[in-house]
Amino acid sequence: MNVASMTHTLGLASSDELLSLLLHNVQDYALIILDPTGQIVGWSRGAAQVLGYEAAAVTGVSFTILYTAEDQAAGLPQQELERAMRDGRADDDNWLVRRDGSRLWASGFSTALRDADGILRGFVKIARDATAQRQLEEEHAHLLAQAQAAHATMAEALAMRDQFLSVISHELRTPITTILGQAQLLARRLGRGQGFGEHENRSLGIIAEQAKRLAGMIDFLLDVGRLHSGQFTVRLELLDLEALLRRLIEAMDASSEQHQIVLACPPPPLMVRGDVDRLEQVFQNLLQNAIKYSPAGGRVTVEVTQEETRICVAITDEGIGIPAADQARLFERFYRAYNAKSQQIKGTGIGLYVVSELVNLHGGAITVASTEGQGSTFTVCLPREDSQQSP
Ligand code: ADP
């Protein structure tokens, strides 16, 4: 469009007036005119509104003052002009700095101004304050990331629970299969009119033993539910920790030839207030793990130490150890370390959850220290109870 005819049509005295109207009337958009070196030669009312500088304060000054120190150091303003020169136009969305030092997210573009002969005469930069929109976008992105993380956590929890259900179903099936087999055998023998003899008695014994095992597993699952819902109670009484540990170790030591369990205790008495069945469960589980996760055998050390207010039991094995990245999550329900799974050592990831909940119910604490490939130490500390202070 011809500027002279536009000026005439609008009834303006000159094209100067047209430019002046443009600079004074366009609001909310900053309209900045630069010479070919980037010095500000035109500054609209919108630019004053958006950036806080009056025209007189910036005329003749390099437009780079509008940029953040980081962007100035990175050469961003010059790059924008170079792009505008090369491509005719450069979109630029970036932070600018107002006169009062506050930042705004400016969204707009720069255009090279060339005359009829293609000679660069300057640039025009047009931008609006899109800070609110940008903040909204950032908030959305943040919420989206949060929702995605929550979804991933949920998916992981569900996968761990499914894995647990599949393992526990197999474990429940094993005694049931044995019970069924023995019951069928009994039925066949008795059906043939055979009397009740040694074989039959053995079958009944196996059935009773497997039914007991099944009941134990179901009790354990019920305990897990009660622990999780906070409905579990312990019956605390004064007990001798050393006697409890000796009993357990004797029974377990005999069960594995590859492993040797060694107990190191300070002089008695080692009295704690605890639920004997539940503390047995705690230490049995930790000892079983020490053996299970040392498939190549080795020594398991149970070391008891007395502190002023606590008695601590450290169970150390020479087994596969636990990767550092897994250690913080071991006490979560269903969580299993990477190396336990990759080495196909069977488990449900529920034992340590139960152990830590039981220790907490005793007012104690459990910690783990481990080096992958070298072994692990699980330490249970319980409040100390002086034997003189009888219940
Ligand atoms: P499970 O042994 O049935 O998988 P636990 O809750 O007892 O479940 O243990 C959780 C996880 O902690 C195990 O799967 C294993 O990865 C790791 N773990 C526990 N004890 C040991 C140990 N002594 N050595 C190495 N890893 C262990």
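The values are calculated or read from the model by the stated rules, or taken from the named source; none is laboratory data. Quick caveat, the model's predicted, so the values are computed rather than measured. Virtual Cβ from ideal backbone geometry, glycine too; neighbours counted across all protein chains shown.
At pLDDT below 95 and within 13 Å of the ligand (Cβ to nearest atom), is that true of Arg329? The answer is no for Arg329. Among the residues making up the stretch 248-289, those that are away from the ligand (no atom under 16 Å from the Cβ) and outside any loop (DSSP other than H, G, I, E, B) are Glu250, Ala251, Asp253, Leu263, Ala264, Met271, Val272, Arg273, Gly274, Val276, Asp277, Leu279.
A search for C-beta distances below 9 Å between a residue of the stretch 89-104 that is in contact (Cβ under 8 Å) with a residue 12 or more places away in the chain and more than 19 Å from Leu136 (Cα to Cα) and any residue that is loosely packed, with under 12 Cβ neighbours inside 10 Å and of a type in the set (A, V, I, L, M, F, W, C), counting only pairs 6+ apart in sequence or on different chains, returns Val97/Ala69. Is one or more of the residues making up the stretch 342-353 within 12 Å of the ligand (Cβ to nearest atom), in contact with a Leu (Cβ under 7 Å, 6 or more places away or on another chain) and not hydrophobic (A, V, I, L, M, F, W, C)? Within the stretch 342-353, not a single residue is within 12 Å of the ligand (Cβ to nearest atom), in contact with a Leu (Cβ under 7 Å, 6 or more places away or on another chain) and not hydrophobic (A, V, I, L, M, F, W, C).
Scanning the stretch 119-160 for residues that are of a type in the set (A, V, I, L, M), touching a residue at least 24 places away in the same chain (Cβ under 8 Å) and within 30 Å of Gly38 (Cβ to Cβ) turns up Leu120, Val124, Ile126, Ala127, Ala130. Going by what's in this entry, would Lys292 be described as touching a residue at least 40 places away in the same chain (Cβ under 8 Å) and within 11 Å of the ligand (Cβ to nearest atom)? Against the criterion (touching a residue at least 40 places away in the same chain (Cβ under 8 Å) and within 11 Å of the ligand (Cβ to nearest atom)), Lys292 qualifies. For the stretch 321-375, the set of residues classified as assigned to a loop (DSSP other than H, G, I, E, B), under 22 Å from Val302 (Cα atoms), of a type in the set (Gly, Ala, Ser) and out of contact with any strand residue (DSSP E or B) (no Cβ under 6 Å at 6 or more places or on another chain) consists of Gly373 only. Just so you know, in the stretch 295-325 the residues that are more than 10 Å from the ligand (Cβ to nearest atom) and of a type in the set (Val, Ile, Thr) include one that is modelled with the lowest pLDDT, and it is Thr309.
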